[in-house]
Every structure is written in structure tokens, then in C-alpha cells.
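In what follows, a structure is listed as C-alpha cells, so that the remarks can point back to it.
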Protein chains: 2
Amino acid sequence: MIFRFELLGADTGSKARLGLIKTPHGDIETPVFMPVGTQATVKTMTPDDLKSLGAGIILSNTYHLYLRPGHELIQKLGGLHGFMGWDRPILTDSGGYQVFSHSELRKITKEGVKFQSHLDGSYHFLTPEAAVNIQEALGADIIMCFDECAPYPSTYDYLKESMELTLRWAKRCKDAKKREDQALFGIVQGGMDRDLRLKCVEGLVDTGFDGYAIGGLSVGETKPLMYEVAGYTAEALPGDRPRYLMGVGTPEDLVECVALGVDMFDCVMPTRNARTGTLFTSFGKLTIKNAQYADDPAPVDPECGCYTCSNFSRAYLRHLYHAGEILAMRLNTLHNLHYYLDLMKNIRKAIKENNFMDFREDFYNKMEVKKC
Amino acid sequence: MIFRFELLGADTGSKARLGLIKTPHGDIETPVFMPVGTQATVKTMTPDDLKSLGAGIILSNTYHLYLRPGHELIQKLGGLHGFMGWDRPILTDSGGYQVFSHSELRKITKEGVKFQSHLDGSYHFLTPEAAVNIQEALGADIIMCFDECAPYPSTYDYLKESMELTLRWAKRCKDAKKREDQALFGIVQGGMDRDLRLKCVEGLVDTGFDGYAIGGLSVGETKPLMYEVAGYTAEALPGDRPRYLMGVGTPEDLVECVALGVDMFDCVMPTRNARTGTLFTSFGKLTIKNAQYADDPAPVDPECGCYTCSNFSRAYLRHLYHAGEILAMRLNTLHNLHYYLDLMKNIRKAIKENNFMDFREDFYNKMEVKKC
């Protein structure tokens, strides 16, 4: 097995862990944030940009790539790595979440999910086996089991049935897997119900996966509830496997969930917010389009060392934003990803130095959380 | 005077010239192509990108910057150079051309032009003096006289009156100019009429400018007519001043007009075409959205050494384009600007080696001009 997870250290004041994930395309230091490259590109960024930002792994979306340009085409052109010119690790999701959130029409059966493409309305049928086959064609280093992400809120009965379906599908994914050079992660579902979550963990661990993801969070529940569910789920998962909290989250979420023992994160927030002009800084969020920045010669964040902050004023970025210039989205994305990746680097450093809880306190002291 | 033009050589088989323009922000090797940065950004590119492409000077548009974010704001933030983080030379146009082409409502008087903003419909009055004042606030190294670009076709009487107005305005621009660290170029108008063009040259030279531009071309006339007018106008201009052909053009136009003795060019073509998926190559234009490139693993131009061609396939670029990804516009822009700037570099090399006409022949032999 080429894939391996090494636990390098742990913080004694929290459940935070320091680790290393070894993959065929290089090592990933954890805790890690994975920038999202939905359509085989992290929006506005080149692979060189991502490397200069220190991105260790990126995520790409199976649903989108399956529909356009198609996994077979990507396979023919060297897999995702070759296609998009990224030679570091990649994780692909299974498409399950997107089928549920993007598709107008979808029908779940035991066998799989029938859905309509958001691009042209064509009908497709995705099964656990198909999701694995597609991900094998895409060729990511880490692939995900096909799961159902239940809506929030759902009844106990719905959640139970959905979780059991997810468990059966996980088994089928493992059985369908043929490539030896890809790691397969199981996904814990069960809504906000502790018993269902723990049963799901048990079932997945029985089957056995290279890593475990916590799915079905950040779907509308409160923050304390999310942290609670993430916390007991992470704790129940085996310590010798990476734990990945899917689709989360804000900088605060990352800090909180690292403290709960989560190793991996992904979220569109830094990239999407960048494109709509919301910038993350050491003192909170900054809405660059606001009039107060019209003649502000300061960089976005005076403490930030990114290319954007080293070279441009808030006034210039505001001008680019209002003028509808693409460079606005690009410079904002660069800054936000730098913020997220730098935050994770500092988190890893703090765990290494066994003072993560001090780091966390400093983080909150600096941060004056502003609504945006 | 900080501004100086040195003639370094001339091709004996044509009128092509090799030169060096010295400005407060560095030297510009001519013949030169100036990428267009309308709103204080060459669309999708950072200053670092432009430097890595070897851009020696860029152009920015006074009309747009005057309306948004305003020249006074830019002046306050360090002028255009400081505002956009570009420390190499900049040329600003006078706003005249944009007033005529963008503005719904405009009224020309002897005094100046009243026009309505394309952004908010507000009324503005631009005079030669105002155009100079605004350009002094923007702080480019080379600024342009306020002129009228007559529509094509126009009657002789209209062209004559318009040219004479342009001459009087040129004088007023020179009188209004206060900054010693900026060069002021006069603009030759006169439509497609040889006598009017030559009279305009005479009048401008009488007043005396640091350089001379040929305006009012590429407005709908045929290519042979454009080359004819550019040819006799360039020939009539003083040999010891740079000659700038405004808003031109295709790669073929650059080669032809260099042969006629033109030193400077600007055009939105490489950047605008990039954003709509038309790429310039050594063998002609390539429309990246075409189905034939869907699974093409080759780079856009196998002879090109740009970042795009070194790292990505036509298939990937086509995917990005169809997926509406910003990276498509960025990678395409990078390629097209590389093509234009590399072409100019090769043109300069050929003039230096006194074999420009051989270069020109090779250029056409390679090029299979395709309509796009």
C-alpha cells in the first residue's frame, strides 16, 4: 500500500493531532486545508500559484468532472493530475453530495441515484460502483465512498435508513475498488444523532477504510451542534487513520475542529468569498467593496505576506472589484487562500510546539469577528 | 528632459527602425507593442506576469480612469504606477478616442467635448487642458494630446475641419503641460487624405512634440489603405522622434507597419481575443472552443515557450473555456501577450541583424491565416 498515515504528534491541551499522509504524489502535512478545484481548476489560480501558496493537496468534484468534460476524457489525457497540470496529491469526492445539492430531479433507490444534469438536463444513474469507477478514471490519490447526505433536519427514521444505506454503499465501494494506488475513505453519516453516528463509525470501521470522513455537517445546524457532532464522531474514529471533516468551514471552524481531532478540511469559502469581495484577515473579515476603502492606501491585512498584500492597496483592490476586473477575483483568491493555508501552517506549528490552546486564544484575541 | 529617443539601427531592406526610448521608469526597446491596461490593469494579468512576459511599457486609458476611480484618487495613491503596482513605463491616451467611441451623447465645440459617462450617464466636459491635467495627475511617462478621431468615412470638409481642430488642440495641450517628467506626443489625424495628413504632420512638427502618433486608422478602412496612410504619414514624420500607430493591430499589421517605420503599437486584440477564446500562434489563429480540440493533448502552439503552452493541453484549455473558468481567460491572455511580445522581440532581433525582410517572409510562410 502506497498510502500511509503517520501520527507525528499530539497536543496535550486538546485533541489536536499532527500527522503526515503519504501518497503517490507526495506527502501531506496535517491538519490540512484542501482548496477546492471543482472543475479541475481552483478558480483563478494556476498550479504554480497553488504551490507558491504551499497547498499540499487540492480537492476536485467528481460530479462536475463526470458531466464535463467526462472522466474518460480526463483519463485519456493523463488523469486529473496530467489534465490540470498538478503533480501534488488530489482528493476527489464521490459526487454524492453534488447529486443531492445540484440536481433538480433525483431519485434514490437501494441501487443508486438517478439524477438530471444541471448542465443539459440529461439523465444519469450513479451507483457506488460507478462512483468508484469514475474516481479511478480521474485518478486522485484519495477517493471517497458514495454516500447519501441527508437533509437537515430529518426524522430519526429517515436518518437511520439513510445511514444504513450509506454503510451498504460504502461496502460496495470497497468491493468495487480496483486500483492499488488510491486510498478510499469511508464517510460517516447519521445526521445530528449520536447513536446513529457511532453506529455508522462502527460499521465503516468493520469494513475498514484508509481514512474516515465526517459528512453531513455544516448543513444548517448551529455551530455548537456542529462542533458537538464533529467532536464525538472524531473521537470514535480510529486514531491511526486520517479524519476529514467535509465542506467545513470558516477559520474559526478550522481552529475548533482541529482541537476536536480533525486532520483534513475542504471548503469553497476562501475561494468563493474572494470572488464576491470578502477577505479574511487576522482581525476578521473585510468587505473590500465598502466605500470606506475607496482611498485606503493600506494593504488588506498589514500582517499578511501574500503577493496581494505585498503589492496592492485596499483602494486598488476596491477599484478592481467595482470595475468588474478579473484581477480582483484573482488577487482576492490569492489572499484568501494564503490566509487559510497560513492559518493551517500556524496550527501545525502550534501543535508541534504543544501549545495549540495558546494559539487558539491568540487567534480569538486578534480576531474581531465582523459580519459581512 | 528625462525623455529621450535614440535610434540604434535601421533595416536597409525596409524602413524598419531599432530604437530605445528612455523614460523616468526605464528604457523601452522599439519597435514595441504596448499591452492595454484600460482600467489600471491589463485584464487578468498581474504586474509580475507582465514583467515575466517582457512587457516594456503598458497603455492605460484616461477616459476610463477619469470616470472611475478618478484621476485625483489615483494621484493621491501614488499615480498610476503606485496605484497599480507597475514600476515600468506607462503611456496614457488622452481620452479623446473613448469619448467618441463610448459616449452616447457628445457635443464637440472649439473649446472641447461635452459627453455623458457610459457608467452613470453623468455629464462631463473634456478640453485639451483638462486632458493634460488629468494625465499629469495619472502620471504616465508618455501622455497624448487631446484629438478628434473623425469617423470613417467622412467628407473632405469634415476631415479638414477636424484635423485643424486637432492641431489647435495639440498646441493647447503643449501650452497646458506643466510636468517636466512626462513626454507629450502629438497625434496626426486627417482621415485617409494624404494632403490633410501631411499638413497635420507639418503643423504638429511646427509646434514640436516628443513623439508623434498616427491616429484615426483601423477605423473600417481596407488593409491596403491603412498601410498606405500609415506609410506616407510615418515617412513624413521626423526621424528623430518615436512614431506610434494607435490601436493597431493584428500580428500581420505589426510586421507591415514596422516595415513602414512605425516604432510603437497598442491594441486590445491579444487580450480581448484571449477572453473570447481566439489564440495567436506561429501558424495562424486557433479557436480553442472548437470541438476538434476536445481531446487534443498538444499545446496551443508547439513552438511557443509560454507558461500556458509549457503546461497545458488544448483539451484542458477548451474544457476551462467551456466551463466558464476564469483560468481560461488568464491562460489565454498569457499566451496571446507572449505571442505579441515575442513577435516584437523577434522583429527587433531581425532589424538588428539587418534581415527584417527575410524575417517577414518567414513569418508569412509559417502563418496559414485562418479566419476566426
Subject >> Number of positions in the range B:78-98 that are within 16 Å of residue B:28 (Cβ to Cβ) and in contact with a Pro (Cβ under 7 Å, 6 or more places away or on another chain) >> reply: 1
Subject >> Identity of the residue in the range B:123-147, within 17 Å of the chain's Cα centre (by Cα) and assigned to a loop (DSSP other than H, G, I, E, B), that ends up nearest to residue B:207 (Cα to Cα) >> reply: B:145
Subject >> Selection count where residues are within 14 Å of chain B (Cβ to nearest Cβ) and surrounded by 22 or more Cβ atoms within 10 Å (Cβ to Cβ), scope the range A:259-292 >> reply: 3
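Kindly indicate whether residue A:334 is within 14 Å of another protein chain (Cβ to nearest Cβ) and either open to solvent by 10 Å² or more (accessible area, probe 1.4 Å) or in a loop (DSSP other than H, G, I, E, B) (or both).
Details: within 14 Å of another protein chain (Cβ to nearest Cβ): yes; either open to solvent by 10 Å² or more (accessible area, probe 1.4 Å) or in a loop (DSSP other than H, G, I, E, B) (or both): yes.
So residue A:334 passes the test.
Select, from B:305, B:324, the only residue that is closer than 21 Å to residue B:50 by Cβ and open to solvent by 20 Å² or more (accessible area, probe 1.4 Å).
Details: B:324 fails: closer than 21 Å to residue B:50 by Cβ.
When all the criteria are applied, what remains is B:305.
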**OP:** Under 8 Å between Cβ atoms, at least 6 apart or on separate chains: pull out the pairs that start in the range A:65-85 with a residue that is within 10 Å of chain B (Cβ to nearest Cβ) and end on any residue that is part of a loop (DSSP other than H, G, I, E, B) and of a type in the set (Asp, Glu).
**Re:** A:73/B:295; A:76/B:295; A:77/B:295
Original post:
Out of the range B:142-179, which residues are surrounded by fewer than 23 Cβ atoms within 10 Å (Cβ to Cβ) and among the aromatic types (Phe, Trp, Tyr)?
Top reply: B:152, B:156, B:158
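Quick check, is residue A:342 more than 10 Å from chain B (Cβ to nearest Cβ), modelled with pLDDT of 95 or more, assigned to a loop (DSSP other than H, G, I, E, B) and within 27 Å of residue A:248 (Cβ to Cβ)?
no
Taking the conditions exactly as written (in contact with a Leu (Cβ under 7 Å, 6 or more places away or on another chain) and outside any helix (DSSP H, G or I)), does residue A:280 satisfy them or not?
Values: in contact with a Leu (Cβ under 7 Å, 6 or more places away or on another chain): no; outside any helix (DSSP H, G or I): yes.
When the stated conditions are applied, residue A:280 does not pass them.
For (1) within 20 Å of residue A:204 (Cα to Cα); (2) open to solvent by 10 Å² or more (accessible area, probe 1.4 Å), each residue gets a yes or a no:
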{"site": "A:225", "(1), (2)": "no, yes"}
{"site": "A:229", "(1), (2)": "yes, no"}
{"site": "A:232", "(1), (2)": "yes, yes"}
{"site": "A:239", "(1), (2)": "yes, yes"}
{"site": "A:245", "(1), (2)": "yes, no"}
{"site": "A:249", "(1), (2)": "no, no"}
{"site": "A:254", "(1), (2)": "no, no"}
{"site": "A:257", "(1), (2)": "no, no"}
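So is residue A:180 assigned to a helix (DSSP H, G or I) and at pLDDT 95 or above or not? Explain how you work it out, then say what you get.
On the way: assigned to a helix (DSSP H, G or I): no; at pLDDT 95 or above: yes.
Answer is no for this residue.
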Subject >> the range A:182-223, subset closer than 19 Å to residue A:256 by Cα and polar (S, T, N, Q), residue surrounded by the most Cβ atoms within 10 Å (Cβ to Cβ) >> reply: A:218
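Take the conditions within 21 Å of residue A:248 (Cα to Cα) and either within 13 Å of chain B (Cβ to nearest Cβ) or hydrophobic (A, V, I, L, M, F, W, C) (or both) and apply them to residue A:37. Does it pass?
Details: within 21 Å of residue A:248 (Cα to Cα): yes; either within 13 Å of chain B (Cβ to nearest Cβ) or hydrophobic (A, V, I, L, M, F, W, C) (or both): yes.
Yes.
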**OP:** Taking the residues in the range B:297-327 that are facing chain A (nearest Cβ under 9 Å) and not in a helix (DSSP H, G or I) as candidates, determine which candidate is farthest from residue B:251 (Cα to Cα).
**Re:** B:323
**OP:** Go through the range A:27-85 and count every residue that is in contact with a strand residue (DSSP E or B) (Cβ under 6 Å, 6 or more places away or on another chain), in a loop (DSSP other than H, G, I, E, B) and open to solvent by 10 Å² or more (accessible area, probe 1.4 Å).
**Re:** 1
Original post:
Is there any pair linking a residue in the range A:128-152 that is of a type in the set (Ser, Thr, Tyr) to one that is surrounded by 24 or more Cβ atoms within 10 Å (Cβ to Cβ), with Cβ under 8 Å and at least six apart or on different chains, and which?
Top reply: A:152/A:191; A:152/A:216
**OP:** Go through B:18, B:91, B:7 for me and flag whichever is open to solvent by 60 Å² or more (accessible area, probe 1.4 Å) and either basic (Lys, Arg) or more than 14 Å from chain A (Cβ to nearest Cβ) (or both).
**Re:** B:7
**OP:** Find all pairs meeting these conditions: Cβ atoms under 8 angstrom apart; at least six residues apart or on different chains; first residue within the range B:42-58 and facing chain A (nearest Cβ under 10 Å); second residue of a type in the set (S, T, N, Q) and buried (at least 24 other Cβ atoms within 10 Å of the Cβ).
**Re:** B:42/B:333; B:43/B:333; B:44/B:333; B:45/B:333
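Does residue A:141 count as at pLDDT 95 or above, touching a Ser or Thr at 6+ places or on another chain (Cβ under 6 Å) and of a type in the set (D, E, K, R)? Spell out the reasoning first.
Details: at pLDDT 95 or above: yes; touching a Ser or Thr at 6+ places or on another chain (Cβ under 6 Å): yes; of a type in the set (D, E, K, R): yes.
When the stated conditions are applied, residue A:141 passes them.
When you look at residue A:120, is it within 14 Å of chain B (Cβ to nearest Cβ), over 30 Å from residue B:307 (Cα atoms) and either modelled with pLDDT of 90 or more or not in a helix (DSSP H, G or I) (or both), yes or no? Steps first, answer last, please.
Details: within 14 Å of chain B (Cβ to nearest Cβ): yes; over 30 Å from residue B:307 (Cα atoms): yes; either modelled with pLDDT of 90 or more or not in a helix (DSSP H, G or I) (or both): yes.
Spelling it out, residue A:120 is indeed within 14 Å of chain B (Cβ to nearest Cβ), over 30 Å from residue B:307 (Cα atoms) and either modelled with pLDDT of 90 or more or not in a helix (DSSP H, G or I) (or both).
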Subject >> Index of the failed condition, residue B:15 passing every other in (1) under 23 Å from residue B:146 (Cα atoms); (2) in contact (Cβ under 8 Å) with a residue 40 or more places away in the chain; (3) not hydrophobic (A, V, I, L, M, F, W, C) >> reply: (1)
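The values are calculated or read from the model by the stated rules, or taken from the named source; none is laboratory data. Just so it is clear, the model here is predicted, and its values are computed rather than measured. Don't worry about glycine lacking a Cβ; one is built from the backbone with ideal geometry, like all the others, and counts go over all protein chains shown. With ligands, DNA and RNA removed, areas are computed over all heavy atoms of the protein, side chains included. Shrake-Rupley method; radii C 1.70, N 1.55, O 1.52, S 1.80 Å.
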